[in-house]
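Before any comments, here is the structure.
Derivation of every value follows stated rules applied to the coordinates shown; laboratory data play no part. These figures come from a predicted structure and were not determined experimentally. Virtual Cβ from ideal backbone geometry, glycine too; neighbours counted across all protein chains shown.
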């Protein structure tokens, strides 16, 4: 059976988690770390570029409602660089309307999960997206 952090190397999968709600960020981060991932959390998106350059995430979890700059603008930034748009981005948002979901997918998100989410669902979606991106 494969584990969540199976990869070509022994280092854990790096996840960038952008979530402004501290309790949500802590809960998801703690759970993902427990599952064997390396997680870097941001409470806002203004440091997106610097964090990507330094942390080199293999997947991004993105909330849409953020202070200063919203998740839609961050999705647009990710699409502006070829190396960044290759990073699978999963939106995790309380915005449940179809138009919000479609907008995020049109801007490059690979998946859209509506809060509240089950943590087991989150890890399953991460596993699926990592498997797709490694093909």
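When 15, 87 are ordered from fewest to most other Cβ atoms inside 10 Å of their Cβ, what list results?
Listed from fewest to most nearby Cβ atoms, that is 87, 15.
Against the longest alpha carbon principal axis of the chain, how many degrees, from 0 to 90 and to the nearest 10, is the axis of helix 22-34 turned?
With both axes taken from Cα atoms, the answer is about 20 degrees.
Calculate how large, on average over all directions, the projected area of the Cα convex hull of region 2-135 is; give the answer in nm² to one decimal.
Convex hull of Cα atoms, orientation-averaged projection: 7.7 nm².
Suppose only helical runs count, i.e. DSSP H with n ≥ 4. What mean residue ellipticity at 222 nm does that imply for the chain under -39500 (n - 2.57) per run, divided by all residues and rounded to the nearest 500 deg cm²/dmol?
My calculation for the chain gives -12500 deg cm²/dmol from helical runs alone.
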